[in-house]
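The next block holds one structure in the form of structure tokens; read it before the comments.
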Amino acid sequence: MKMIELKNLTKEYCDDEVKTIALDGVSFNIREGEFLAITGPSGSGKSTLMHIMGFLDRPSAGIYKFKGQSIEDLDDDQLAYIRNEEMGFVFQFFNLLPRTSVFDNVKLPLIYTKISEEEKRERVLKAIESVGLIHRVKHYSNQLSGGEQQRVAIARAIVNNPAVIFADEPTGNLDSKSGQQIMEILQNLNDQGHTIILVTHEVYTAEMAKRLIRLKDGKVVSDEPIKDRKIAKNGLIK
Amino acid sequence: MRSALTMLGIVIGVASVIIMMSLGRGAQNLIISRLQTMGANTIYVEPGSFDPKKGGGFATSVIEEMSIKTLTLRDLEDIRKEPLVEMAYPMVYGSGRAIYRNEDQKITFIGVTPEAYEIDNWHTYKGRDIDEEDVKSAAKVATLGYKIAQDLFGEEDPVGKTIRIKKADFRVVGVMEERGMKTFQNFDEYVYVPVTTAQRFLLGIDHLNAITIKAKSESAVNPLIEDIRLILRENHGIYNPEGDLSKDDFKVMSQVEAANMVKQVTGILTAFLSSIAAIALIVGGIGIMNIMLVSVTERTREIGLRKAVGARNKDILNQFLIESITITLLGGIIGFIGGISFSLTASIILTKLLNISWKFVIPFGAVVLGFGVATIVGLVFGIYPAKKAAKLSPIEALRHE
């Protein structure tokens, strides 16, 4: 089933009469359960593309449909609702709330839902357990190492059980061992059925996905499955 | 820490509003209760005039009143002849020093007639009151207030002793009962002398500063006020058939009117002081707005993150509004408690140390101010920063450094 449908997607920024084209007619589809890596040099538009797919930004032209719904037909509150229900985000710089416990950080997406406190608690603990940080539940986010912080961010991304997880350079700010752990978690999540869209400029990280799209100057230059997929658990990162 | 400092602005604002209101109301109650003990039958006559155009306020200032010399003992005699009058006493006053051997005390001396003891219901407990004979002969006799007697004579019995006031020797004939401090004047520091003696030897005048009249009944008060006005206009040669009070050179007030006037004056004073305090509150509110704007800028990434995980504009708006209201409300509560305890302490000090029968009041308006205004300040000054936060686009907020 098609989860994401892009057709002729364009994004332009107008800044002081200088027009920058970030995306220039991007078209492809993503099915449920895929593990897609988007890669390309900086300025190629990969982050912009991910932000539009994650409903954080709107395209200038073209069609974007998420689960059959066109972004044009949705207002900001509806986008927020879908982000909350269907999407999870992992950022390069973690974006955890400082002076806030691991528990409360992971709980953040759930405070905008209507489920009961008891269920929220259960889900938060389950998410923290799945990234192996249950012993850190009461620690403040700034007391953790970078790798641990990113694992908290992943727990936060999966706590609402989203259909798709967007990861924007999740290993970009980590040492290789921590990065490998993060990729292992993402691969496991994909095995459990989550769709994962990974933006990275590192070739060896991209090769842990199942499909690779290369962008250049806002255009798709290649779109192919990864033949020799690397498994993080096997310790292939050097 | 920063929030605490911001809160301080609100704390001070609310506290000062409450202190002003509470103390203002307390002072008003005190003066009115004092006036009420004088009895509803009492009428006062003083030099000066009313101006009805100024809402019943005074047309003449205190200085002008002092220079009006038309109120005399002849007026008193004519007023005493009125059938509705039970009794009346004149008053002249001044200040000076009373000397007995090495003791030297600042006093207020008051020239009166024997009726003063009756109308004020305040008598000598030792010796005797000043009598008619003393007044007629302008005798140099005095009755001392309780405190003055103590300060000058200590353990000695003052009755029969001689004190010196303004180069004249006075024989002490009596000591007054202890009365305490009321309406900011300590009656126990008063020295009563015959009115004629005070006019001739102490002040060198032949007019009066006031006349106090006791009507035969409460219902006689209003007709009597009119009668007194007619007598005084005739005596003072004022042609005023339409009864325009601003043309008179005297004021006639019942105890009820006097109470109303006090209420009006203290009310204006309280409102004035409270509005100054309210400015502190507004300044505090601007502080809140400032800190919230800084907070929005500092937490831009947090706002972006919250939006990314599903917060709607409304959720962000509410979050920041609740934050600013919490700060102001907390400040309001602390300020309320602070203001109330300050007023309470002040009332205890006034009662215990200065012997004033001060009643502690929490004005209802102050409670409303403490909580209502604090919340409104939080809302008004929080809404702009909160709106600014809510309008941020999620992706720009996330990119913010």
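Nothing in this text is a laboratory measurement; each read-out follows from the coordinates by a stated rule. Because the structure is a prediction, the values reported are computed rather than measured. Note that we place each Cβ from the backbone using ideal geometry, even for glycine, and neighbour counts take in every protein chain shown.
Taking a span of 30 Å or more along the helix axis (Cα atoms) and a mean Kyte-Doolittle hydropathy of at least 0.0 as the rule, the DSSP H helices of chain B that qualify are B:2-37, B:255-298, B:313-352. Residues of segment B:1-34 falling in the label zone of residue B:218, defined by backbone nitrogen less than 17 Å from a point 7 Å along Cα to beta-carbon, are B:33-34.
Relative contact order of segment A:2-227: what whole-number percent is it, with Cα pairs under 8 angstrom and at least 6 residues apart? Provide the component values of the computation, followed by the final result.
Numbers: 451 pairs, mean separation 66.7, N = 226.
So the answer I get is 30 percent.
Taking each DSSP H run with n ≥ 4 as -39500 (n - 2.57) and averaging over every residue of chain B yields -17000 deg cm²/dmol at 222 nm.
Within the listed set A:185, A:30, A:111, the Gaussian network model of chain A (springs between alpha-carbon atoms below 10 Å) gives the highest mean-square fluctuation for A:111.
So how do A:16-25, B:331-340, A:97-106 stack up, highest first, on mean other-Cβ count within 10 Å? Before the final figure, lay out each step's value.
On the way: A:16-25: 13.2, B:331-340: 22.5, A:97-106: 18.2.
Output ranking for A:16-25, B:331-340, A:97-106: B:331-340, A:97-106, A:16-25.
For residue B:49, the residues whose modelled amide H falls within less than 5 Å of its own, excluding neighbours fewer than 5 places apart on the same chain, are B:59, B:60.
Evaluated at q = 0.10, 0.14, 0.17, 0.24 Å⁻¹, the base-10 log of the normalised Debye intensity for segment A:147-230, with identical point scatterers placed on the Cα atoms, takes the values -0.24, -0.48, -0.71, -1.29. The residues packed around residue A:38, meaning those with a beta-carbon under 11 Å from its beta-carbon, carry a net charge of 0 if Lys and Arg are +1 and Asp and Glu are -1.
Between residue B:156 and residue A:188, the simple spin-label model (points 7 angstrom out along Cα→Cβ) gives 10.3 nm. When you count the other C-beta atoms within 10 angstrom of each residue and take the mean per peptide, B:78-85, A:168-175, B:292-299 line up highest first as A:168-175, B:292-299, B:78-85.
Roughly how crowded by other chains is peptide B:388-400, in terms of the mean Cβ count from those chains within 10 Å of each of its Cβ atoms? If you can, show how the numbers build up before the last one.
Values: counts 0, 0, 0, 0, 0, 4, 10, 9, 2, 1, 7, 2, 0.
Average neighbour count from other chains, rounded to a whole number: 3.
Hydrodynamic radius of segment B:203-267 by the Kirkwood approach over all distinct alpha-carbon pairs: 13.7 Å.
Out of B:367, B:309, B:45, any idea which swings most in a Gaussian network model of chain B, alpha carbons joined below 10 Å? Checking each option, the largest mean-square fluctuation is seen for B:309.
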